Amino acid sequence: QYMKRFNGSVVVGDSLTEGLTAYGYLSDDQVFCKIGASVMHGRDLFMSSAKTYPTHAFFAFGMNDIGNYNGKPEAFIRQYTALLKEFHKISPQTKIYVCSISKPSSKTLKKRKVLRNYTKFNAAIAKMCASSSLKGVNPVFIDITGILEEHSDLYAGDGIHAQPAYYPYWLDEMAEKAGL
């Protein structure tokens, strides 16, 4: 049902995004992802997905970037903004959505202190979506942090990734925002 609902749309992101195809919710041509993907090293994902000229594009980056950018969101936002602009230049008719970073588990936040910056990064992502620097691109922010907060039983063992039952919640949230 999700493959049909997201027909003509793409989801672009990191290893959490990979679960969309790994668990059979979306097809390989609807998902552009890589384990460890980040905006720092993800230009190819943005460009290859843009060249499919989707009606809707959903971006889910940031978890790996928190560490890559040492917990400081400024350079991350500059790079994310640049990549969204490049995507939009290739596929100007695509409606763009940007997902927040999902909340790591409490146990993981205790072990990996840099990840505590997810709230700072999410605030920066929301601000980026509303920023005049992306005028014309007009990305819509989708806050998905509440999903794992509300359904903490859906964390995978590492406290970052999610079990298969997480994905319908995420897909429903994206579909609702996009009117799919």
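Taking the Cβ of Glu86 as the centre, find all other residues whose Cβ is under 14 Å away and add up their charges (Lys, Arg: +1; Asp, Glu: -1).
+4
Does region 110-172 come out rounded, prolate or oblate by the C-alpha gyration tensor, with a ≥ b ≥ c the root eigenvalues, rounded set by a/c under 1.5 and, if not, prolate when a/b is larger than b/c and oblate if not?
Cα axes put region 110-172 in the oblate bin.
For Phe61, list long-range residues whose amide hydrogen, built 1.01 Å from N in the peptide plane, is under 5 Å from its own amide hydrogen.
Cys99
Per residue of region 85-96, in order, report the coupling 6.51 cos²θ - 1.76 cosθ + 1.60 (Karplus, θ = phi - 60°) as ³J(HN,Hα) in whole Hz, putting x for Gly and Pro.
Couplings: 5, 4, 4, 4, 5, 6, 10, x, 7, 6, 7, 9 Hz.
In Å², what does the accessible area per residue of region 14-106 work out to with a 1.4 Å probe?
On a per-residue basis, region 14-106 sits at 41 Å².
Can you bin region 4-98 into rounded, prolate or oblate? Criterion: square roots of the alpha carbon gyration tensor eigenvalues sorted a ≥ b ≥ c, rounded for a/c under 1.5, prolate for a/b above b/c, oblate for the rest.
Cα axes put region 4-98 in the oblate bin.
For Val140, list long-range residues whose amide hydrogen, built 1.01 Å from N in the peptide plane, is under 5 Å from its own amide hydrogen.
Close amide H contacts, sequence-distant or interchain: Ile96, Tyr97, Val98.
Calculate the dipole size of region 48-123 relative to its Cα centre from +1 charges on Lys and Arg beta carbons and -1 charges on Asp and Glu beta carbons; express the result in debye to the nearest 20.
The calculation lands at about 440 debye.
Within the accessible area of region 53-180, what % is carbon and sulfur when the probe is 1.4 Å and the other protein chains stay in place?
Carbon plus sulfur share of accessible area: 51 percent.
If amide hydrogens are placed 1.01 Å from N in the peptide plane, which non-local residues have theirs closer than 5 Å to the one on Phe32?
Answer set, sorted by chain and number: Val11, Val12, Gly13.
Using a simple charge model, +1 on the beta-carbon of Lys and Arg, -1 on the beta-carbon of Asp and Glu, nothing else, what dipole does region 49-180 show about its Cα centre, in debye to the nearest 20?
The dipole magnitude comes to about 640 debye.
Treating the beta-carbon of each Lys and Arg as +1 and of each Asp and Glu as -1, no other charges, what is the dipole magnitude of region 103-153 about its Cα centre, to the nearest 20 debye?
Value, rounded to 20: 460 debye.
Pull up the DSSP beta bridges for the chain and report the antiparallel fraction as a percent, rounded to 5.
5
What shape does region 1-60 have by the C-alpha gyration tensor, where a ≥ b ≥ c are the square roots of the eigenvalues, rounded means a/c under 1.5, and otherwise prolate means a/b greater than b/c and oblate the rest?
Oblate, because a/c is 1.5 or more while a/b does not exceed b/c.
Among [x] 120; [y] 98; [z] 143, find the value of volume of the Cα convex hull per residue in Å³ that was calculated from the structure presented, and write down its label.
Correct label, based on the coordinates given: [y].
Farthest toward the dipole's positive end in region 1-133, which of Ala124, Tyr25, Ser9, given Cβ charges of +1 (Lys, Arg) and -1 (Asp, Glu) about the Cα centre?
Result: Ala124, furthest along the dipole toward the positive end.
Quick one: of Lys107/Lys127; Lys111/Lys177; Lys95/Lys177; Lys34/Lys135; Lys51/Lys103, which pairs are farther than 23 Å apart, Cα to Cα?
Lys107/Lys127; Lys111/Lys177; Lys34/Lys135; Lys51/Lys103
The values are calculated or read from the model by the stated rules, or taken from the named source; none is laboratory data. Everything quoted here is computed from the prediction, not taken from an experiment. Reconstructed Cβ throughout: ideal geometry from the backbone, glycine too, with neighbour counts over all protein chains shown. We work out accessible area using only protein heavy atoms, side chains counted, and drop any ligands, DNA or RNA first. Shrake-Rupley method; radii C 1.70, N 1.55, O 1.52, S 1.80 Å.
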